[in-house]
Amino acid sequence: MAEHTQGGTSAGTGPGTAAAPGAGTGAGAGAGTEQERPDRDWSALPAWEQRFRAPRVGLPEWAPDAPDRCLFVSNASGTFELYAWDRATGTQRQATRRPNGTVDGTLTPDGEWLWWFNDHDGDEFGIWMRQPFHGGPDEPALPGLEPSYPAGLAIGRDGTVVVGRITDEHGSTVHVARPGAGHVEIYRHRQSAGVGGVSRDGSLLAVEHTEHGDAMHSAVRVLRLDGTPVAELDDTRGGTRELGLTVHGFAPVAGDPRLLLGHQRRDRWEPMIWNPLTGETLDLAPGLPGDVHAEWYPDGSALLLLHDYRARTELWRLDLTPAEGQQGYGLSRVETPAGTVSGATARPGGGVEYLWSSAAEPPRVRSTAGPADVLVPPGPRPPASLPVTDAWVDGPGGPVHALVQRPADGEGPFPTVFDIHGGPAAHDSDAFAAGPAAWLDHGFAVVRINYRGSTGYGREWTDALKHRVGLIELEDIAAVRAWAVEFGLADPERLVLTGASWGGYLTLLGLGTQPELWTVGVAAVPVADYVTAYGDEMEALKALDRTLFGGTPEEVPERFAASSPLSYADQVKVPVFISAGENDPRCPVRQIENYVRRLAERGAVHEVYRYDAGHGSLVMEERIKQVRMEIDFALRHLPPDPRRS
């Protein structure tokens, strides 16, 4: 289902999938030594396998009061785990070591402790653990606080912790735990809410909430840490448009209560600064055409802007103090190569570190302060892939942006994979991805589509899904499919519809509602039976579904039926491969079983693979196994190229 960012502060970019934050018991997680290095020569393996196996690193998070102490995610051990990095000594150590991986963690402001979220086998339901930065035993970070789904974490400089939780029983709650004392609940509501951050002096707390019932558009409330309300900012009220806010963080300067927010008042995400004590707002209006996400520079003098536009990103610096003799705010480009910046952070001293890649070039952690990579994974770099070209296709709701990759050899029409992204509030970009590259290596063209519902193309495009969920996206996908066939890229007899999570949902729905358009379907961790999925999924996703459909399955049964793949299972005519995580809280396995049972009753050609994890896997061997199965299934069931018969 929708791929919400989970609670806490993610330490950079992990696997880039819908995977849950790890699994296992956590036994021995603090016993890591120096970063493990691969000892196997992979040069004889196919290039697509090398891309998965090659070690990768995420963007390092640094402790605000000890910036040499960093935390990052890496798959150097073969599984995505958290690593501690002391930049002063160059020492790196694997901090977590669990069978199914760990990607959700953060550092305390002083850098003394590393926190990580401990769920069970990928079910995303668990507790926060902590260990000393330089290693030592793990311990529960908040003793006495029961397991939950995470909904944000903020750690103050005095050791006070604010943790957001979501449970089926209570909905959203926020708890404050002070050093030497227990935890106190200061917020509770049935609708989705989460911790946005704590002010530098520890006196103010920002909470994003959807008490108004629209889970797609949050309001922001600032509280004292005893739960006393200070101020509220809610763009969902008083107008005809549904607008949202998001928290980017309090000012990093002592005594400064200002809060950096994102707003949608001009149909795209832009930054503004709000003082909750005075009510003053500062609309910064950088004038950039795409979505803009922002963070403070460490001294509070400027903002680092990440500008996301037409599937590519740029970095900009916005100075908050006008230069002498000038009016307004100075906007200057932070130079990065063409492609996608998956994350960026402004370091003390003015330099910017960022995680960059393109469809052809593997990721690098780079810095504006020097020419060399900041953090180099051990072992060989992944083999390069092929660049993307852009296609703009007329669709029923406006121009649809597609990213197209052609095989290195041969001429079209090609067997073509339509790889549908998850979310739905996400988008494909000109970024390196091992999955599409594997299809390319096997002779397929790859088309990725930023259908209505995707981010990065304005608020109205993102919000277009309501009440005709799934069907709207498939209209855009069908338009791009028609374009690809008409222009000789795609062979209409050899088309694979595939995706994971929401992309897997659209795959199954497309196979049933557009049975003549596709040759093979490959769906990973999909929604297959929407009514059962709603009953079994995590509470935050139930709230999102109520927003998308305009009610519950009991209140609007016709909408759920119209958007459920199970309703069209009898119309599926092509072979289907489905993979499912046994412990998936987002697309639970029971509703997939219902769909598969219907296919089996009809004698439809299908294969199902179930694995012991949640919403995807963080283990490279498991991911390689799944990709191999998916491609082999497609090759077995696609007709041969008539030009080679």
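Listed values, structure above:
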read-out: Filter result for the condition that a residue is open to solvent by 30 Å² or more (accessible area, probe 1.4 Å) and among the small types (G, A, S), over A478, A490, A482; value: A482
read-out: Subset of the range 600-618 [in contact with a helix residue (DSSP H, G or I) (Cβ under 9 Å, 6 or more places away or on another chain) and within 24 Å of A47 (Cα to Cα)]; value: G616, S617
read-out: Entirely in the range 516-614, the strands (runs of 3 or more DSSP E) that have 1 or more residues that are polar (S, T, N, Q); value: 576-581
read-out: Selected residue (only one of G422, G443 is in contact with a strand residue (DSSP E or B) (Cβ under 7 Å, 6 or more places away or on another chain), surrounded by fewer than 23 Cβ atoms within 10 Å (Cβ to Cβ) and farther than 16 Å from T389 by Cα); value: G443
read-out: Only one of D235, D214, D283 that is touching a strand residue (DSSP E or B) at 6+ places or on another chain (Cβ under 6 Å), among the acidic types (D, E), open to solvent by less than 30 Å² (accessible area, probe 1.4 Å) and modelled with pLDDT under 95; value: D235
read-out: Residue tally, condition acidic (D, E) and touching a Leu at 6+ places or on another chain (Cβ under 8 Å), over the range 600-637; value: 0
read-out: Qualifying positions in the range 628-645 - surrounded by 11 or more Cβ atoms within 10 Å (Cβ to Cβ), closer than 18 Å to E411 by Cα and of a type in the set (D, E, K, R); value: D641
read-out: Test set (1) in contact with a Gly (Cβ under 7 Å, 6 or more places away or on another chain); (2) of a type in the set (A, V, I, L, M); (3) open to solvent by less than 20 Å² (accessible area, probe 1.4 Å); (4) over 23 Å from P585 (Cα atoms) - V174 fails condition number; value: (4)
read-out: Every residue from the range 579-627 that is open to solvent by 40 Å² or more (accessible area, probe 1.4 Å), farther than 23 Å from D441 by Cα and among the basic types (K, R); value: R590, R597, R598, R602, R610
read-out: Search result, residues across the range 253-277 that are open to solvent by 40 Å² or more (accessible area, probe 1.4 Å) and either under 19 Å from Y309 (Cα atoms) or in contact with a strand residue (DSSP E or B) (Cβ under 9 Å, 6 or more places away or on another chain) (or both); value: V253, R258, R265, R266, D267, R268, W269, L277
read-out: Residue match in the range 328-344 (condition: more than 26 Å from the chain's Cα centre (by Cα) and crowded, with 17+ Cβ neighbours inside 10 Å); value: yes
read-out: Sole exception among (1) modelled with pLDDT of 95 or more; (2) touching a Leu at 6+ places or on another chain (Cβ under 9 Å); (3) open to solvent by less than 50 Å² (accessible area, probe 1.4 Å) for K466, by number; value: (1)
read-out: Enumeration of residues in the range 77-94 that are closer than 20 Å to R53 by Cβ and open to solvent by less than 10 Å² (accessible area, probe 1.4 Å); value: F80, E81, L82, Y83, Q94
read-out: Residues of the range 89-111 classified as free of Cβ contacts under 8 Å to residues at least 60 places away in the same chain and in contact with a His (Cβ under 9 Å, 6 or more places away or on another chain), total; value: 1
read-out: Residue within the range 53-66 that is at negative phi, open to solvent by 10 Å² or more (accessible area, probe 1.4 Å) and assigned to a helix (DSSP H, G or I) present; value: yes
read-out: The lone exception for A285 - which of (1) over 19 Å from E314 (Cα atoms); (2) under 29 Å from the mean Cα position of the chain (by Cα) it fails; value: (1)
read-out: Selection count where residues are exposed (fewer than 14 other Cβ atoms within 10 Å of the Cβ) and at pLDDT 95 or above, scope the range 349-365; value: 0
read-out: Residue within the range 398-416 that is open to solvent by 10 Å² or more (accessible area, probe 1.4 Å), modelled with pLDDT of 95 or more, within 17 Å of V496 (Cβ to Cβ) and within 18 Å of the chain's Cα centre (by Cα) present; value: no
read-out: Matching residues, the range 217-232, being among the β-branched types (V, I, T), crowded, with 19+ Cβ neighbours inside 10 Å and over 15 Å from H189 (Cα atoms); value: V222
read-out: Filter result (more than 24 Å from the chain's Cα centre (by Cα), under 17 Å from F444 (Cβ atoms) and in contact (Cβ under 8 Å) with a residue 40 or more places away in the chain) within the range 497-547; value: W518, T519, V520
read-out: Of all residues making up the range 496-517, the number that are more than 17 Å from Q591 (Cα to Cα) and surrounded by fewer than 24 Cβ atoms within 10 Å (Cβ to Cβ); value: 5
read-out: Failed item in (1) in contact with a helix residue (DSSP H, G or I) (Cβ under 8 Å, 6 or more places away or on another chain); (2) more than 30 Å from P585 (Cα to Cα), with G159 passing the rest; value: (1)
read-out: Number of the condition not met by R317 [criteria: (1) over 23 Å from V207 (Cβ atoms); (2) assigned to a loop (DSSP other than H, G, I, E, B); (3) open to solvent by 50 Å² or more (accessible area, probe 1.4 Å); (4) not small (G, A, S)]; value: (2)
read-out: Sole residue being in contact (Cβ under 8 Å) with a residue 60 or more places away in the chain and either open to solvent by less than 50 Å² (accessible area, probe 1.4 Å) or farther than 23 Å from P588 by Cβ (or both), chosen from G202, G136, G180; value: G136
read-out: Those residues of the range 205-228 which are part of a strand (DSSP E or B) and either without any contact (Cβ under 8 Å) to a residue 24 or more places away in the chain or over 27 Å from the mean Cα position of the chain (by Cα) (or both), in sequence order; value: R221, L223, R224
read-out: Qualifying residue in the range 95-105 (condition: of a type in the set (S, T, N, Q), closer than 26 Å to A613 by Cβ, open to solvent by less than 40 Å² (accessible area, probe 1.4 Å) and modelled with pLDDT under 95); value: yes
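Every residue, every condition in (1) without any contact (Cβ under 8 Å) to a residue 40 or more places away in the chain; (2) among the small types (G, A, S), yes or no:
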| site | (1), (2) |
| --- | --- |
| E361 | no, no |
| A372 | yes, yes |
| G379 | no, yes |
| G395 | no, yes |
| V400 | no, no |
| P407 | yes, no |
| P415 | no, no |
| D419 | no, no |
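The values are calculated or read from the model by the stated rules, or taken from the named source; none is laboratory data. Just so it is clear, the model here is predicted, and its values are computed rather than measured. Glycine also receives a Cβ, built like all others from the backbone with ideal geometry; neighbour counts cover every protein chain displayed. Side chains included, ligands, DNA and RNA excluded: accessible areas come from the protein's heavy atoms. Shrake-Rupley method; radii C 1.70, N 1.55, O 1.52, S 1.80 Å.
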